[in-house]
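The values are calculated or read from the model by the stated rules, or taken from the named source; none is laboratory data. On a predicted model such as this, the values are computed, not experimentally measured, just so you know. We place every Cβ from the backbone using ideal geometry, glycine too, and count neighbours over all the protein chains shown.
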Amino acid sequence: MPSLSDARKAMRLLRRAVATRSASRELSRTLATRPTVEPGRFKIAVYFADGAVNLYQMRQWYKPLARLSERWPVLILSRGATAAAALLEESPVPVAYVRTVVALEETLAEQDIRIVFYVNQNARNFQMFRYGRRWHVFINHGESDKMYMTTNQFKAYDYSLVAGDAALARLDRALWDFDLDKRAIPIGRPQADHFSGTLPYTPDERTVVLYAPTWEGDRSSAAYGSIASHGVALVRELLVTGRHRVIFRPHPRSGVVDAAYGAAKKSIVAMLADANRADPSAHHVFDDGPELGWQLTAADVAIVDISAMVYDRLATGKPLMVTRPVDPAAEVDSEGYLTACEWLTADGAAAVVTEVDRLLHDEETVSRIDYWSRHYFGDPTPGEATRRFHAAVDHLMAEWERSASLHADDGHAELSGRRTDSDASDHQDPDEDGD
């Protein structure tokens with residue numbers, strides 16, 4: 001007899017299938033009201049085979065891609081209905097819905113795509129790799145020291161755009177017989193050049209501290225959340241000084257596993273509200289909005305948990321502390337920035353004001369953060385990462401022209417709309433997969 005877990009899985013798949021069909025119908029109506037993609041306009045494509053669940057991987061590239069499209073027009077190729085529907089509504093660059101391989105080939109036949117970007121390692125990327133005479137380039141969706149950043153799948157791409165020296169060192173250690181000098185191009189973190197937004201307060205003499213904890217996790221090895229262990233104490237200490245402004249940006253899943261985290265989150269929100277009522281000029285912020293950017297650049301000091309926020313903040317080159325997990329089973333990277341970061345322990349949370357002052361004024365601490373920022377992302381000067389990103393694209397375009405000239409007499413294999421055995425998975429909707 002089927003187990004309870006099998007039944008639940010079947011129900012999830014059924015709900016997902018129903019949602020996908022509904023999204024497909026709505027998408028068809030949307031596409032019918034929009035102009036078709038202009039033929040012959042695009043030389044760069046971003047291939048996205050996931051559903052809407054992983055759109056965060058695309059969203060962080062919106063602004064860099066929009067800037068790049070001013071020079072090289074960019075087209076997003078979306079394979080999933082739910083993702084395509086969202087992308088059509090929010091993407092600043094054009095989107096083509098290419099659910100089937102036939103639709104993909106028809107779009108490629110209409111465009112002169114020379115570079116294809118990939119933001120993740122979805123298995124369906126393999127369907128795009130079949131098309132030669134163009135560069136397949138992995139651009140990823142973040143920088144960290146996770147195993148994901150050293151997978152042998154890097155070899156599947158013609159090139160990879162990586163953040164900096166730390167990424168090069170990781171790949172050099174992990175990949176055998178990989179032409180690092182040619183195939184890995186450091187560009188920094190172009191997203192950091194677009195960390196912007198409207199401040200919900202008027203800047204003044206207060207020291208701004210961003211506290212951005214992650215959620216509690218669903219297992220001990222990933223128990224990085226600090227709201228219950230550090231958060232209440234450190235926020236309380238910062239509020240009483242009268243010279244600090246707190247921006248509290250908790251992970252939206254905080255408290256879904258452990259009620260203590262949800263209670264601690266509510267306690268901090270209440271503390272901020274009370275402090276603002278007592279002193280309306282304080283303008284402490286509880287931030288649960290969708291936009292991430294201004295918080296990272298506006299804060300004089302950031303306090304974050306082990307998460308992607310560590311590296312997003314590090315890209316700015318500004319002071320940060322990382323909370324030390326209280327669960328001894330929590331896995332902490334034994335290489336890279338976490339071996340030299342500024343740790344804040346649970347016991348040390350009560351002394352957070354002293355720690356914030358030290359980070360701002362101690363020359364050795366400031367120098368150490370600057371070193372690691374440059375090690376991961378290169379020159380943090382605003383605009384430099386964007387310049388390197390564009391220079392990398394220009395280089396790849398020049399390499400394409402050189403290769404096209406060398407192979408000018410080879411003839412050109414026609415794209416075919418005929419289905420092959422390798423397309424057997426084409427009936428599966430990409431919205432079923434995650435990364």
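Return the pair list, or none, for Cβ contacts closer than 9 Å from residues in region 390-412 that are closer than 22 Å to residue 189 by Cβ to residues that are among the hydroxyl-bearing types (Ser, Thr, Tyr), at least 6 apart or on different chains.
That search, which allows pairs on different chains as well, returns 392/159; 396/159.
Condition check: under 26 Å from residue 201 (Cβ atoms), touching a residue at least 40 places away in the same chain (Cβ under 8 Å) and touching a Lys or Arg at 6+ places or on another chain (Cβ under 9 Å). Does residue 302 satisfy that?
Details: under 26 Å from residue 201 (Cβ atoms): yes; touching a residue at least 40 places away in the same chain (Cβ under 8 Å): yes; touching a Lys or Arg at 6+ places or on another chain (Cβ under 9 Å): yes.
So residue 302 passes the test.
Determine if region 38-51 includes at least one residue that is farther than 18 Å from residue 137 by Cβ and either hydrophobic (A, V, I, L, M, F, W, C) or outside the structural domain of residue 117 (by TED's automatic domain parsing) (or both).
So in region 38-51, the residues farther than 18 Å from residue 137 by Cβ come out as 38-41, 51.
This time we only want the ones that are either hydrophobic (A, V, I, L, M, F, W, C) or outside the structural domain of residue 117 (by TED's automatic domain parsing) (or both), so: none.
Looking through region 38-51, none of the residues is farther than 18 Å from residue 137 by Cβ and either hydrophobic (A, V, I, L, M, F, W, C) or outside the structural domain of residue 117 (by TED's automatic domain parsing) (or both).
Testing residue 372 on (1) aromatic (Phe, Trp, Tyr); (2) under 24 Å from the mean Cα position of the chain (by Cα); (3) within 26 Å of residue 157 (Cβ to Cβ), one condition comes back false. Which one is that?
The number of the failed condition is (3).
For residues that are in contact (Cβ under 8 Å) with a residue 40 or more places away in the chain and either surrounded by fewer than 20 Cβ atoms within 10 Å (Cβ to Cβ) or part of a loop (DSSP other than H, G, I, E, B) (or both), tally how many sit in region 59-75.
Looking only at that region, the number is 6.
State which residue is surrounded by the fewest Cβ atoms within 10 Å (Cβ to Cβ) when the search covers only region 305-347 and only residues that are polar (S, T, N, Q) and either under 28 Å from residue 382 (Cα atoms) or within 23 Å of the chain's Cα centre (by Cα) (or both). Break it down into steps so the answer makes sense when it comes.
Filtering region 305-347 down to residues polar (S, T, N, Q) leaves 307, 316, 323, 334, 339, 345.
Still in the running and either under 28 Å from residue 382 (Cα atoms) or within 23 Å of the chain's Cα centre (by Cα) (or both): 307, 316, 323, 334, 339.
Working: 307: 18, 316: 20, 323: 26, 334: 8, 339: 11.
Of everything passing the filter in region 305-347, 334 is surrounded by the fewest Cβ atoms within 10 Å (Cβ to Cβ).
If you check 210, 234, 238, which single one turns out to be under 27 Å from residue 335 (Cα atoms) and either modelled with pLDDT of 95 or more or not assigned by TED's automatic domain parsing to the domain that holds residue 139 (or both)?
210
Within region 335-361, restricting attention to residues that are of a type in the set (D, E, K, R) and in contact with a Lys or Arg (Cβ under 9 Å, 6 or more places away or on another chain), which residue is nearest to residue 211 (Cα to Cα)? Talk me through it step by step, then tell me what you get.
At the first step, the residues of region 335-361 found to be of a type in the set (D, E, K, R) are 335, 342, 347, 355, 357-358.
Checking which are in contact with a Lys or Arg (Cβ under 9 Å, 6 or more places away or on another chain) leaves us with 335, 342.
Working: 335: 24, 342: 14 Å.
So the residue we want is 342.
Where in region 83-185 are there helices (runs of 4 or more DSSP H), lying wholly inside it, with at least 1 residues that are among the charged types (D, E, K, R)? Walk me through it before giving the result.
Working: elements: 101-110, 125-129, 165-174, 180-183.
Because the criterion is at least 1 residues that are among the charged types (D, E, K, R), the helices (runs of 4 or more DSSP H) in region 83-185 that meet it are 101-110, 165-174, 180-183.
What pairs come up if the first residue lies in region 359-388 and is part of a helix (DSSP H, G or I), the second is among the acidic types (Asp, Glu), and their beta carbons are under 6 Å apart, counting only those six or more places apart or on different chains?
As it stands, the answer is 375/165; 385/193; 386/193, since those pairs meet every condition given.
Condition test on residue 302, is it within 29 Å of residue 190 (Cβ to Cβ) and either small (Gly, Ala, Ser) or surrounded by 17 or more Cβ atoms within 10 Å (Cβ to Cβ) (or both)? Lay out the reasoning, then the answer.
On the way: within 29 Å of residue 190 (Cβ to Cβ): yes; either small (Gly, Ala, Ser) or surrounded by 17 or more Cβ atoms within 10 Å (Cβ to Cβ) (or both): yes.
Answer is yes for this residue.
Go over the candidates 8, 41, 59, 79 one by one and state the one that is at pLDDT below 90 and among the charged types (D, E, K, R). Spell out the reasoning first.
On the way: 41 fails: at pLDDT below 90; 59 fails: at pLDDT below 90; 79 fails: at pLDDT below 90.
None of the other options fit; the residue is 8.
For every residue, the table says whether it meets (1) more than 14 Å from residue 193 (Cα to Cα); (2) in the same structural domain as residue 112 (by TED's automatic domain parsing); (3) at pLDDT 95 or above.
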{"residue": "301", "(1), (2), (3)": "yes, no, yes"}
{"residue": "305", "(1), (2), (3)": "yes, no, yes"}
{"residue": "308", "(1), (2), (3)": "yes, no, no"}
{"residue": "325", "(1), (2), (3)": "yes, no, yes"}
{"residue": "348", "(1), (2), (3)": "yes, no, yes"}
{"residue": "403", "(1), (2), (3)": "yes, yes, yes"}
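Restricting attention to region 205-223, does a residue exist that is among the hydroxyl-bearing types (Ser, Thr, Tyr) and in a helix (DSSP H, G or I)? Explain how you work it out, then say what you get.
Here is the first cut: in region 205-223, the ones among the hydroxyl-bearing types (Ser, Thr, Tyr) are 207, 211, 214, 220-221.
Now narrow it down to the ones that are in a helix (DSSP H, G or I): 220-221.
Yes, that holds for at least one residue.
Quick check, is residue 254 touching a residue at least 40 places away in the same chain (Cβ under 8 Å), among the polar types (S, T, N, Q), closer than 15 Å to residue 346 by Cβ and not assigned by TED's automatic domain parsing to the domain that holds residue 146? Walk me through it before giving the result.
On the way: touching a residue at least 40 places away in the same chain (Cβ under 8 Å): yes; among the polar types (S, T, N, Q): yes; closer than 15 Å to residue 346 by Cβ: no; not assigned by TED's automatic domain parsing to the domain that holds residue 146: yes.
No.
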